[in-house]
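Computed from the coordinates by the stated procedures, all read-outs in this text should not be read as laboratory data. Quick caveat, the model's predicted, so the values are computed rather than measured. All Cβ positions, glycine included, derive from the backbone under ideal geometry; neighbour counts span all protein chains shown.
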Amino acid sequence: MTRIGFIGVGTMGLPMAKNLLKKGFAVTAFDANPEAVTAAAAAGMAAAASAAECVATADIVITMLPSSPNVESVYTGDGGVLAAARRGTLCVDMSTIDPAVSRRVAAAGKERGVRFIDAPVSGGVPRATDGTLAIMVGGEAADVQEALPALQAMGANVIHVGPVGSGEVAKLCNNLIAGVVGVAVSEAFRIAEGFGVDPKIVTEVISKSSGNTWVMEHMHPVPGLVAKAASSHEYRPGFMTDLMCKDLGLAVDAARALRVPVFVAPAAQQVYRLASSHGLGRKDCTSVYAFLKPSAAEAPV
Ligand code: NAD
């Protein structure tokens, strides 16, 4: 039986690790938040008291952490994965982070005889729960092949994009689009609402027109139109505003380094940033719709 050490059993990590259990993998879990470890133990996973303990006997290490600094410190910090894992261990980072960090961690791993691939995901909590995530992978073909059974336990579409870091590149491109579209859909429905037009009918029209988008279909920002959407559950994440802000920041930083002109991604990032600074950072990112409400009727136009 393949032994998995899973670090980061939060919003996404927990349902993903549960699917590994379901498919017969032995999972040991660790998280900096003790409540998350308790939830993992309640689901049948072995609980570890540290990252080092979590990976000590693992065949495959999986990490699902918020951002680049978390990943770098969990792998290369004191008592980190690279120091504690056995030589030859395969590490799969499924967080959304800077591709340059994936490459740095992979290089540090190589020096210690530990293999590393990046495998960020798309699909959110519903598809993490159903085990139908899209997973975009960067790494050596043999390592990707070895990780495949575990990845297929969590995802329906596993795509090998290229060398290490390439999965993250694909993910940044996807979230640039999804983040910008999230703001555009919110703006459009605020206008429809202002005219007093039924948002349900507007949704039906757009779903058959050129503005149709996965974001509206699955993550509709207007409450009550899509039962599974976070908006219908008081914007409980889902995908937090702060994480969307981080992902657009990764895209903007990459564009700057590559000298690619970008206009709409930075604008969308600032909308999410403002929503966060107004208390919506840990709500689902579609709460940007709640933030984009009209100003007072007496305001001049
Ligand atoms: P989350 O904050 O709910 O979960 C992350 C977990 O990592 C938390 O439980 C946290 O306590 C733990 N953690 C943080 N630092 C740690 C450390 N040093 N050691 C051990 N544990 C640590 O976030 P999430 O929504 O599960 O997202 C995780 C990653 O997946 C992010 O990179 C995000 O961008 C990406 N992602 C999220 C979604 C989504 O819909 N939520 C979808 C696709 C991708």
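Expressed per residue, the C-alpha convex hull volume of the stretch 124-195 stands at 82 Å³.
Placing unit charges on the Cβ atoms only, positive for Lys and Arg and negative for Asp and Glu, gives the stretch 1-79 a dipole magnitude near 400 debye about its Cα centre. Once backbone amide H atoms are built at 1.01 Å from N, F6 has T28, A29, F30, I62 as its partners under 5 Å, excluding neighbours fewer than 5 places away on the same chain.
Taking θ as phi - 60° and the Karplus parameters 6.51, -1.76 and 1.60, the scalar couplings of the stretch 37-45 work out to 5, 4, 5, 5, 5, 4, 7, x, 8 Hz in sequence order, x denoting glycine and proline.
Add +1 for every Lys or Arg and -1 for every Asp or Glu among the other residues with Cβ under 11 Å from the Cβ of N19, and state the total. Local net charge: +3.
Working note: Karplus 6.51/-1.76/1.60 with θ = phi - 60° gives the stretch 288-301 the couplings 4, 4, 5, 5, 8, 7, x, 7, 4, 4, 7, 5, x, 10 Hz, where Gly and Pro are set to x.
Where does the stretch 155-301 land on Rg(C-alpha)/(2.2 N^0.38 Å)?
Values: Rg = 16.3 Å, N = 147, 2.2 N^0.38 = 14.7 Å.
Normalised by 2.2 N^0.38 Å, the Cα Rg of the stretch 155-301 equals 1.11.
A straight Cα-to-Cα reach below 21 Å connects K208 with the lysines K200, K228, residues fewer than 8 places away in its own chain not being considered. In this structure the amide hydrogen of G155, modeled in the peptide plane, comes within under 5 Å of the amide hydrogens of L133, none closer than 5 places in sequence on its chain.
Shown in residue order for the stretch 185-197 are the 3J(HN,Hα) couplings computed by the Karplus curve 6.51 cos²θ - 1.76 cosθ + 1.60 at θ = phi - 60°: 5, 4, 4, 4, 6, 5, 5, 4, 4, x, 7, x, 8 Hz (x for Gly and Pro). For K22, a cut-off of 14 angstrom between C-alpha atoms picks up these aspartates and glutamates, skipping any fewer than 8 places away in its own chain: D130. For R236, the shell of other residues with beta-carbons less than 13 Å away shows a net charge of +1, using +1 for Lys and Arg and -1 for Asp and Glu.
The amide H of M240, built 1.01 Å from its N in the peptide plane, has C285 as neighbours under 5 Å, considering only residues 5 or more places off or on other chains.
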